[in-house]
Amino acid sequence: MSTLVRTARPEDVFQDLFRTHETDQTGSKYRKRLAQVAVTNGKSLIIDFDDLISFDPALARSLVGNPDDYITYATSAATAQMRVEDPEYAEHVGKIFARFRRLPERTALRKIEGELIRGPGSHCPFCKQSTSFELIQEQSKFKNTQEARIQERPEDLPPGQLPRYLDIRLEDDLVDSARPGDRVSVTSIVRAEKQTVGERGRLRTFNIYLDANFVDVVGKETEVVEITPEDEKQILEASRDPWVQRKLVMSLAPSIYGYEDVKEGILYLLFGGTAKHLPDGVNIRGDENVLLIGDPGTAKSQLLQYVSRIAPRGLYTSGRGTTAAGLTAAVLREKTGGMILEAGALVLADKGVACIDELDKMRPDDRVAIHEALEQQTVSVAKGGIVATLNARAAVLAAANPSLGRYEPHRNVSENINLPVTILSRFDLIFIIKDQPEPDYDSRMSEHILALHRSKTSPETAPFSPEFLRKYISFAKRISPVLTPEAVTELRDFYLKMRSKGGEEAAVAITPRQLEALVRISEARARAFLRENVTVEDAKSAIRIMTVSLSDVGVDVKTGAMDIDVIMTGKPRSLRDSFQRVIETVAEMERETGTVEETVLIAALVDKEKMEEREARRLIGQLIKEGILYSPKPGRLKRTAG
Ligand SMILES: Nc1ncnc2c1ncn2[C@@H]1O[C@H](COP(=O)(O)OP(=O)(O)OP(=O)(O)O)[C@@H](O)[C@H]1O
Ligand SMILES: [Mg+2]
């Protein structure tokens, strides 16, 4: 009779599973796991739901149908088996929790609704009556609990919706099993509890929360893009084309006209270099950061949104941010009075690409925290009793407008943009997109845009579809290309040449940051070809794109020489020299007269230093603004220090 089989106690069936499932010479799968639990001082046995289904489908169904009871049965079975495995340890911990993972049915956060709720209110586990408890401290046992909040993944978000979130309760060893920004799959029971106001006031509405059985931190390393063997064949075939890299660039945002160099830079950002973890604990980022500074209406936002869609794990946000957490993180006060940590865009984009539009308009708090996020790829918070360091290993593609609305060619980058040089220097590539009327280009671009509006498809036929591009990129990211000796020589020679060029004029032309950027870009190009090694061609291409970017921003507008100091210190060398000359003149005159009459100073600069009067006035104005000079009396000047 089949009913006889059913009469087996669920505890015993669970214990059978633990004892016998997947047994080899060294024991069964779960006995090995239990031994591991004892060694690592663990408190829970993790059970793969698949095993339960193949072992006893009826039991698996019962578990889903009545999780409260069946988790209890499984827990007693795990504890009983631990008593067999390691009696001493079982005695020591008292209880081994059964935790289930990888249930076949998953519910998206957005789909969690009323019917999934089990057991509102607090029941007494013995008499099953709904009661309210009183705390008797001496007779109570206390355990660790934690409230966390899970939020929808950005890529699951329906257009135009705010991300939903749910509170989740963690107990015992689940506490701290995930960190902010982690992607998790949670096995849990949906519960509701009466909302209360103050001590007594009970509302007629319920709060939903998840009572967690297991928190599986997923998708940290594994890619979210699925690649079938068929895809793999296509990818490998495409990669054999010597023009594959050009084709990839052409497939990137085909609806946006031109910008070949910018698109090439973005392509390298999508592939990325490899992160290096040195034995002494130093990490060097592999992610590339790219900044677009451009006039209004030059398709920057369009490009960013495109990239956030195509990038595996892409995220688009504005510098202003939509939540209190902004770009980095924020400590907020909860309804109940506690402090909680909310992760910002860069933390949420961990292991992906963060597209930040309007970077120049970010909040002052972010301005400070983003320094660390861009280079060390972490976000540290120490506020309101919360001290934490969150991972923000994201490649950043940012866009910003020039501070004066339009890019002023006779000013240098840092004068053109409302961002400190310390932030600028953290971008591997900076591109300036100027909107200059050019009859030829304009006519081709207008044709392009009009054709696009007429046919609603891209006029240029892109070699690869966006889906294919996405798959290609995530496939390529599995490769960690290594620099060949020839590539090393190429990069080193370029670096040394640039350094020595600067040397003649006593200005540093290029810094180690650029050298690291060159390595990353070369590695990214090797990935685009699915190559294991970085060749001389990769190095040459990296040098070319870097030169384009540097000449966009780094050209000393006065001498025409390349000068990375523009990015690094905010002033080109020639300008710093002019400032120096003004300061020296003031110092000389101070020695004679104490304070310096402005008109006399200007005359002296025009006369001796061969400056133009307008230039002299501008330099003086700038020095006053920077607090190096001040006027003790109208029309008179003095150095602040000295
Ligand atoms: N090169 C181009 N090819 C195709 N479309 C373009 C190009 N340049 C601009 N456009 C179009 O111009 C419009 C404005 O672009 P977008 O909003 O991205 O500008 P933006 O650079 O972000 O400007 P802002 O700095 O003011 O935010 C878009 O509809 C875009 O498609
Ligand atoms: Mg824009």
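Worth pointing out:
- Computed FRET value (nearest 0.05) for VAL387 with LEU278, which takes r as the C-beta separation and R₀ as 25 Å: 0.45
- Karplus 3J(HN,Hα) series, Hz, for the stretch 241-258 with 6.51 cos²θ - 1.76 cosθ + 1.60 (x for Gly, Pro): 5, x, 9, 4, 5, 4, 5, 5, 4, 5, 7, 7, 6, x, 6, 9, 7, x
- When the pairs LYS361/LYS625; LYS233/LYS276; LYS111/LYS247; LYS43/LYS477 are compared against a 32 Å limit on Cα-Cα distance, LYS111/LYS247; LYS43/LYS477 fall above it.
- Vicinal HN-Hα couplings computed from phi for the stretch 539-547 (Karplus, 6.51 cos²θ - 1.76 cosθ + 1.60; Hz; Gly/Pro x): 4, 5, 5, 4, 5, 4, 5, 5, 5
- Where THR389, THR274 fall by accessible area, highest first, once all protein chains stay in place (1.4 Å): THR389, THR274
- Of the whole protein surface, ILE284 contributes about 50 Å² of accessible area at a 1.4 Å probe radius.
- At a probe radius of 1.4 angstrom, the accessible area of the stretch 340-469 per residue rounds to 46 square angstrom.
- ³J(HN,Hα), Karplus 6.51/-1.76/1.60, whole Hz, each residue of the stretch 393-406, x for Gly, Pro: 7, 10, 7, 10, 10, 10, 10, 8, 9, x, 5, 9, x, 10
- With all protein chains kept in place, the per residue accessible area of the stretch 10-67 amounts to 49 square angstrom at a probe of 1.4 angstrom.
- When peptides 183-189, 426-432, 513-519 are ranked by their average number of other Cβ atoms within 10 Å per residue, the highest-first order is 426-432, 513-519, 183-189.
- Given charges at Cβ of Lys, Arg, Asp, Glu: the stretch 207-274 dipole, positive-most of ASN207, ILE256, VAL217: ILE256
- Peptide ranges 263-270, 445-452 listed from the most packed, as the mean C-beta count within 10 angstrom indicates: 263-270, 445-452
- Think of the stretch 383-438 as a dipole: +1 on every Lys or Arg Cβ, -1 on every Asp or Glu Cβ, centred on the Cα centre; then among LEU404, ILE423, GLN436, ILE423 lies furthest on the positive end.
- Highest average packing first - 356-367, 628-639, 483-494, Cβ atoms within 10 Å: 356-367, 483-494, 628-639
The values are calculated or read from the model by the stated rules, or taken from the named source; none is laboratory data. Note that the coordinates shown come from a computational prediction; the quantities given were computed from them, not determined experimentally. For neighbour counting, all protein chains shown are included, and Cβ atoms are generated from backbone atoms with ideal geometry for every residue, glycine included. Only protein heavy atoms, including side chains, enter the accessible area calculation; ligands, DNA and RNA are left aside. Shrake-Rupley method; radii C 1.70, N 1.55, O 1.52, S 1.80 Å.
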